[in-house]
Amino acid sequence: MTVVDWHKNEITRTVPITSSYRNTQNVRRFFRAECGEHFKFDRPFMAWLIDGTPKTMGDAADEWLKSDQVGTTTVSTRRQARE
């Protein structure tokens, strides 16, 4: 497994989210570029990022955008609405 330096490495949609994941300014820049300037972290989204399910940064950006499109700001709120 490649070790990602979340502060320095270029972050692209294909970068895997690993156990070393950190919410850094570099990560925030990636999400703002992918999701728009209104991107914000919230606790449920951050928990989803590190829940152990294999995913990439592209998957994470897509998930945040889906949450934003349905008018929620959290992944868990959207999941509860589905159930």
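The values are calculated or read from the model by the stated rules, or taken from the named source; none is laboratory data. Remember, it's a predicted structure, so these values are computed and weren't measured experimentally. Neighbour counts are summed over all protein chains in view; Cβ atoms, including those assigned to glycine, are modelled from backbone coordinates with ideal geometry. All accessible areas refer to the heavy atoms of the entire protein, side chains included, with ligands and DNA or RNA removed. Shrake-Rupley method; radii C 1.70, N 1.55, O 1.52, S 1.80 Å.
The figures follow:
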item: Qualifying GluC sites (Glu not before Pro) in the stretch 1-66, DSSP loop, other Cβ atoms within 10 Å at most 13; result: 10, 37
item: Accessible area in the full protein assembly, largest first, 1.4 Å probe, for 66, 40; result: 40, 66
item: Solvent-accessible surface (1.4 angstrom probe) belonging to residue 13, in square angstrom, nearest 10; result: 90
item: Percent carbon-and-sulfur accessible area, the stretch 11-63, ignoring ligands, DNA and RNA, probe 1.4 Å; result: 52
item: Alpha-carbon centroids, the stretch 1-34 and the stretch 47-67: separation in whole Å; result: 12
item: Å² per residue, accessible surface of the stretch 2-43 at 1.4 Å; result: 69
